[in-house]
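The numbers here are math on the coordinates, done by the rules we state, and not lab data. Worth saying up front: this structure is predicted, and the values here are computed from it rather than measured. FYI the Cβ positions are ideal-geometry reconstructions off the backbone, even for glycines, and counts take in every protein chain you see.
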Amino acid sequence: MIELILADRCTECGACVEVCPTNVIARAVAGPPLLARVEDCQTCFLCELYCRADAIYVAPDCDRRVAITPEQAVASGRLGQYRKHSGWDEWAGQYPNEQWLMETVFRRAGEAARPAEADDKRTT
Amino acid sequence: MHSSADGPSGVTVTVIVSDASSLALSLTADVLVIGGGMAGAWAAVSAARAGARVILADKGYCGTSGVTAAAGPGHWWVPPHAREQAVAQRVAAGLGLGEAAWMHAIIEETWRSLPTLAGRYAFGIDDEGRTNYRAVRGPEYMRALRAFARDHGVTILDHSPVLELLARSDGSIGGARGLRRQDGDRVYQIAAGATVLAAGGTSFLSHLLGSRTNTGDGYLMAAEAGADLSGMEFTAAYTIAPAHSTMTRSMAYSFATYYDSDGRELDLPFGPQQTMGLAKALQAGPVFCSLHRLPDDIKARLHTISPNVPLVFDRWGIDPFGDRFEVTLHNDGTIRGLGGVRVDDVDGRTAVPGLFVAGDNASREKVAGAISGGGNVNSAWALTSGIRAGQAAAQLARAVGGSAATLTPLGQAGLRPKVRTRALDIDAIRAGVRDEMHPFEKVLFRKESTLAASQRALDGLWREIADHAAGDLLRSRETAALVASARWSVATARQRTESRGLHHRIDHPQLDPQLAVRLLSSGFDRIVVTAEGQRASAASRALEAAS
Ligand SMILES: Cc1cc2nc3c(=O)[nH]c(=O)nc-3n(C[C@H](O)[C@H](O)[C@H](O)COP(=O)(O)OP(=O)(O)OC[C@H]3O[C@@H](n4cnc5c(N)ncnc54)[C@H](O)[C@@H]3O)c2cc1C
């Protein structure tokens, strides 16, 4: 679930308020947006992907809250990781989208296991 | 319409206000699209291309909400020379419920239409320098589809869940009504010549990645309009994820090695039986996993294949290629299951005039058969049914014209209590749905006694919600949809007294050739299950689920 919006990184652009699919984040009268409905967070990490300031930390934990401070989040080195590896914004061209390799992986796994049967479980 | 206010102890109670005063926004369109995942976005684009004025309303944000956005749907992508064989194989695997003509149609539409997104989506180039169209990454795909819809002049209403459909006096659908969540929950109403429902499937609130806004609203709304559901028994699909995470992306697990809590390796070979085996192992105790067998070249590129997959491991400080981490299975419900609204054509037309249904909101039995369409068929279906429904809706809207019909709201359970409004514990009702729709012993290993008990439990929840709920409109409406969808599923599963594809009955482990038919479900207080092709009377009584 989303645990932090780092005040000293946030530019108050409002993108996270707009893109959060479950409307977890609310605009504040002043200052960074508020985590208004964390219990509705679906842990999809998409707010992070859309945050150009790398100011958001989503913990992978979807069924329990995690205590983390802004200092710990910065020290983890993980802020902005999703956006970077997706090659968005300033990372364009540096991390190619290799989603196409997925079918190769399933095929190789199928060949390594039992060739004919693997085909119908090729989900991502 | 109702508006809500907080009552004692945080429970919401309802204040009825007059319809006119609460209408903040009244809009008209030729085509209204409900839901902005891949099916809805393609529908909006194609309706606009056909000349319609289009409004698309999503509960969340068109671009990030829904299961398309968070994952990476691979499309069914088959070159012309290979189609006969691919379809023949799928028809056979589908155990009598698939239709070759529908499969050919979605392969062809996908082949033709997916590349048209090239101006907005940078399709991958493989190691041989060839463009790969079939495999798209979810966030980029939905971002592209949103931009594409805007290019075509579509009006997008984000954070605007639709609560109910509106009918004209002849019963045809003439629009919908919902809430603007980021505008003080104000009500909006859209009068439209034709409506496309593309509100997704439902995981019954499991932690399946991206599925939180998919609460079966589209099933309930279509049923209230008079449409049937089909294939609702096929909900026994599950996907692996690291325990306590939502990351139900299974690619890396094709090379997984599993262990019990004593560190003993489990015999769970990759293949169609693996989910069953994992579920049994999880019933016995915690299961751990290591991805050390993943080929080194893939390990090195995991973050550029699926950038969200490593997020979980990195943040927990787990080395998935060395450490053993605990795993779980999340229920896919109808998403990588099959059930949904029965549609009569690839263009999503239903028995209800003016209403088209696309994507996971529709049953996928005819394109997937009795097995999951999760690996490729689902996306081809969502794209095709979206595109074709958009075209058909635009055409119908032209014929209907802009007549100012009187519109009657169709929403019942969760909006308009049958008895009287009473404060309900909505969280407890939601937990009740999860309790019946997620446990392996009730869904994956079905039998009459547990199904009957589920039905009783869900009937009780339905009475509460249908008789009394109206408080927080969105939550009570979503909950009504979850309970209704669960009841159709369980009622249909009781009637399918055999095992076929995704549906397993431990008390009926064999295929029954008599049941090589699609099963339809309908009704609210009393659910009726019929075999497709049979009509009412004697035949339906035979399959009737008393409720
Ligand atoms: C992790 C994962 C991986 C998958 N991988 C593959 C794959 O590789 N290949 C494949 O073919 N399939 C795959 N699938 C299935 C595939 O993703 C879906 O079948 C497809 O994306 C469905 O698209 P959709 O538009 O119908 O639904 P969604 O993308 O779920 O969109 C539904 C939309 O409706 C909105 N909505 C819901 N209720 C309302 C309401 N009341 N009012 C307004 N809007 C509403 C939601 O917010 C959402 O935006 C996968 C599924 C998952 C979960």
What one gets for the stretch A:2-123 as the Kirkwood radius, inverse of mean 1/r over different Cα pairs in Å, is 16.5 Å
Stretched fully, the stretch from B:HIS81 through B:ALA300 gains (0.36 nm per residue minus C-alpha distance, one decimal, in nm) 75.4 nm
The computed P(r) of the stretch B:426-546 puts the percent of Cα pairs beyond 20 Å at 45 percent
The Rg/Rh figure for the stretch B:429-482, Cα atoms and Kirkwood Rh, to two decimals is 1.04
Shielding of B:65-73 by other chains, given as the mean Cβ count within 10 Å, works out to 4
Taking every alpha carbon pair in the stretch B:349-397 and sorting the distances into 10 angstrom bins from 0 up to the bin holding the longest one, the percent per bin comes out as 26, 51, 20, 3
A correct fewest-to-most ranking of B:LEU410, B:LEU461 by other Cβ atoms within 10 Å would be B:LEU410, B:LEU461
In whole percents, the bins of 10 Å from zero upward hold the Cα-Cα pairs of the stretch B:286-360 as 15, 29, 19, 16, 17, 3
A:ASP63 and A:SER76 label points (each 7 Å along its Cα→Cβ direction) are spaced in nm at 2.0 nm
Under the helix-only model (-39500 (n - 2.57) for each DSSP H run of 4 or more, divided by the residues of chain B), the mean residue ellipticity at 222 nm, to 500 deg cm²/dmol, is -10500 deg cm²/dmol
Contour minus Cα-Cα span, B:HIS152 to B:ASP267, at 0.36 nm per residue, comes to 36.2 nm
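Once the cut-off is 38 Å, how many percent of the Cα-Cα pairs in the protein assembly as shown end up in the long-distance tail?
Value for the protein assembly as shown (Cα pairs over 38 Å): 29 percent.
What does the helix-only formula give at 222 nm for chain A: each DSSP H stretch with n ≥ 4 adding -39500 (n - 2.57), the total divided by the residues, and the result rounded to the nearest 500 deg cm²/dmol?
Helix-only estimate at 222 nm: -6500 deg cm²/dmol.
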Reduced to Cα centres, the span from the stretch B:320-379 to the stretch B:222-269 in Å works out to 13 Å
Taking B:SER203, B:SER26, B:SER160 and counting other beta carbon atoms within 10 angstrom, the fewest-first order is B:SER26, B:SER160, B:SER203
In degrees, nearest 10, the alpha-carbon axis of helix A:102-112 is tilted away from the dominant principal axis of the alpha carbons of chain A by 40 degrees
Cα extents of chain B along the principal axes, largest first, in whole Å, come to 65, 54, 50
Mean Cβ-within-10 Å packing, highest first, puts peptides B:249-261, B:30-42, B:214-226, A:57-69 in the order B:30-42, B:214-226, B:249-261, A:57-69
The number of Lys pairs in chain B whose alpha carbons lie under 27 Å apart, excluding pairs fewer than 8 residues apart on one chain, is 5
Cα-based Rg and Dmax for the stretch B:238-331, in Å, come out at 12.4, 36
Simple spin-label estimate for B:ARG49/B:ASP344, 7 Å along Cα→Cβ, in nm, reads 2.6 nm
Note: B:HIS292 to B:ASP467 extended length (0.36 nm per residue) minus current alpha-carbon separation gives 57.6 nm
Quick note on B:VAL78, B:VAL528, B:VAL287, B:VAL490, ordering by fewest other C-beta atoms within 10 Å, gives B:VAL528, B:VAL78, B:VAL287, B:VAL490
Here the whole-number average of other chain Cβ atoms within 10 Å per Cβ of B:285-295 is 1
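Which three numbers, in whole Å and largest first, are the semi-axes of the equivalent ellipsoid of the stretch A:16-71 derived from its Cα gyration tensor as √(5λ)?
For the stretch A:16-71, the semi-axes come out at 17, 13, 12 Å.
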Working note, the stretch B:38-182: Cα radius of gyration (Å, one decimal) and Dmax (Å, whole number) are 17.9, 59
Checked against the positive end of the charge dipole of the protein assembly as shown (+1 on Cβ of Lys and Arg, -1 on Cβ of Asp and Glu, about the Cα centre), the farthest of B:GLY263, B:HIS303, B:THR195 is B:THR195
The ³J(HN,Hα) series, computed from each phi in the stretch A:64-77 with the Karplus coefficients 6.51, -1.76 and 1.60 at θ = phi - 60°, rounded to the nearest Hz and given as x for glycine or proline, is 7, 7, 10, 7, 8, 9, x, 4, 5, 4, 5, 5, 5, x
